[in-house]
Amino acid sequence: MADTMLPDAPAGPVAVDVAAWPASLAEFAGPARAALPPEVWDFINGGSGTETTLTANRAALDRVAVLPRVLTGVDRPRTDAPLLGRAQAMPVAVAPMAYQRLVHPDGEPALAAAAAAAGVPYVASTLSSTPIEEIAAAGDQVWFQLYWLRERGMVADLLDRVHAAGCTALMVTVDVPILGRRLRDVRNGFALPPHVTAANLPGGRNDLAHQGTPGVSAVSAGAVFAPALSWADLEWLRGRTPLPLLIKGILDPRDAVRAAEAGAAAVVVSNHGGRQLDGAPATVTVLPEVVAAVGERCEVLLDSGVRGGVDVLRALALGARGVLVGRPMLWALAAGGRAGAEAALALLAAELRDALTLTGCADPAAARQLRTLTGG
C-alpha cells in the first residue's frame, strides 16, 4: 500500500505543561504504581506465565539500533503520517485496553478525549468499562476492537452499535481463544470491583469476573470469548461491515498473508503485550518478516512493548506504518486522568520529533528508509 499524499499536518497534541509531568513516557509508571492498589497494578502491568515474553518485548526493542543519516538539511521534521489512508498527527494509535475505570474514574472517555486532542486514533476495547456510544462521543477517530464472543448474535449487535456510534475502523483480536494464565492475577485472586463492568455486553455479562476466589483469576473465569474463531468467521465479518478491518495478534508471516488476502486493511504484529502465550517471540523480532510477506497488500502496525518515540522510530525503520501504544497510556491515565494522558501523548510526539531530527528524517516516511542493526 503506497504512501498517501498528506494534507497539512493535523493540529497534533494540545499544549500542556510538560514540566509538571514525568520526563519520559516510561516514567509515568512510577506515579501510576503509587496511585493504584497493588492488585490493580499487577493486573494492568503483568504478563502470562513467567513473563518471559513480556520481558522479551522490551529487551528486543532495546537491541534494535538505528543508523542515523547526516547532512540531510532537516530542521524541524513533521511527525504526521497516514494510517488507514487518513492523516494522523503521528503514526500512533492508543491500543485497546480493557476496564479503564480500574485505573481512573473517568476511564475510557478521558483517554479517548486525550487521543482526539493529540490527533491520533483511540481503539476502544470490547471489554471497555464505558459503553462504546459514550467513548465515541468523547473521542474523534475511534476504532473498535472486537473480541469474538461465543454468541454470534452478540457480535452482530455489537457491530450495529459500533456503526451507529460512528467508529471509523474495526480491529479484530485473534490471539485470545482463551485468556493466558496470568500468575499475578492468580496469586492475588484478582476480581473486578463492583463499579467496573464490561459495559458493552448485555448486563455486563461477566458476573464471574466479580467473584474473587483465592488462587483464581476471576477475570479469566468470566471470559466470554469463542475459542474456535476461524478464517470463515472473518469472511462473515468482512461481509457484515464496511469499516476498514485490522487483524491484531499476528506473529506468523503466513497468517499475515492470509489476513491480507481476506481483505484486511492492516495487520497488527502483537503478542498481546506478553499476556497470552508465554514463549511467543518479541514482536519486533518478527516484524521485518511480516512486512516482507505482505508487501504492499496491507499496512503493518507494531504492538507490544512500545515505550517512547525512539521505539516508534525503530518500528518505522523496520517497515511498520505505525505503532499501538498501550500500558504507558494506562499509566498516564492513572497518574492524572485526561490531563495525564494528554501530557503523555504530547511527550511522545516530542520524543518522536527528536528521534526524527537526530536521524536526519524529514518525516515518518523517511524513517522507513533507515537501516537498522540488531544487537546494538
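FYI, it's all coordinate maths here, none of it is from the lab. In this text the structure is predicted, and so the values were computed from the model without any measurement. In this analysis, Cβ positions are derived from the backbone assuming ideal geometry, glycine residues included, and neighbour counts consider all displayed protein chains.
With q set to 0.18, 0.31 Å⁻¹, the log10 of I(q)/I(0) for region 300-341, from the Debye formula over equal scatterers at the Cα positions, is -0.52, -0.96.
Karplus-derived 3J(HN,Hα) values for region 313-319, using 6.51 cos²θ - 1.76 cosθ + 1.60 with θ = phi - 60°, are 4, 4, 4, 4, 5, 8, x Hz; glycine and proline are entered as x. Exposed loop sites here are GluC sites (Glu not before Pro) assigned a DSSP state other than H, G, I, E or B and surrounded by at most 14 other beta carbons within 10 Å; excluding them, the longest clear run of the chain is 1-150. Across region 185-195, coupling constants 3J(HN,Hα) worked out from phi with the 6.51/-1.76/1.60 Karplus curve, θ = phi - 60°, read 5, 4, 4, 7, x, 5, 9, 6, x, x, 7 Hz, and Gly and Pro carry x. Here the label points at residue 354 and residue 50, each 7 Å from Cα along the C-beta direction, are separated by 3.6 nm in the simple model. Footprinting exposure proxy ranking of 247, 132, fewest other C-beta atoms within 10 angstrom first, gives 132, 247. If a spin label sat at a point 7 angstrom from the Cα of residue 67 along the line to its beta carbon, no backbone N atom of region 304-330 would be nearer than 11 Å. Take the Cα of residue 236, step 7 Å toward its Cβ, do the same at residue 277, and the gap between the two points is 2.4 nm.
Each of 230, 270, 125 was scored by other Cβ atoms within 10 Å of its Cβ. Arranged with the fewest first, they read 230, 125, 270.
Ordered by the count of other Cβ atoms within 10 Å of each Cβ, fewest first, 147, 99 give 147, 99. Taking every Cα-Cα distance in region 278-363 and sorting them into 5 Å bins starting at zero, the pair-distance distribution P(r) comes out as 3, 14, 21, 20, 18, 14, 8, 2, 0 percent. Using a Gaussian network model of the chain in which every pair of alpha carbons under 10 angstrom is joined by a spring, one finds that among 92, 268, 74 the greatest mean-square fluctuation is at 74.
Once Lys and Arg get +1 and Asp and Glu get -1 on their Cβ, which of 97, 198, 293 lies farthest toward the positive end of the dipole of the chain? Going by the Cα projections, it comes out as 293.
The string of couplings for region 109-121 from the Karplus curve (6.51, -1.76, 1.60, θ = phi - 60°) is x, 5, 6, 5, 5, 5, 5, 4, 5, 7, x, 10, x Hz, one whole number per residue in order, with x for Gly and Pro. In this structure, the amide hydrogen of residue 248, modeled 1.01 Å from its nitrogen in the peptide plane, lies closer than 5 angstrom to those of 172, 173, 174, 268, counting only residues at least 5 positions away or on a different chain. When the distances between all Cα atoms of the chain are binned every 20 Å from zero, what whole-number percent does each bin get? Pairs per bin, as whole percents: 30, 62, 8, 0.
For residue 64, the amide hydrogen comes within under 5 Å of the amide hydrogens of 375, counting only partners 5 or more places away or on other chains and with H modelled in the peptide plane. Rounded to whole Å, give me the distance from the Cα center of region 268-334 to that of region 354-372. When both Cα centres are located, 18 Å separates them. Just flag the trypsin sites (Lys or Arg not before Pro) in region 50-123 sitting in loop per DSSP whose Cβ has no more than 16 other Cβ atoms within 10 Å. Those satisfying the criteria are 63, 69.
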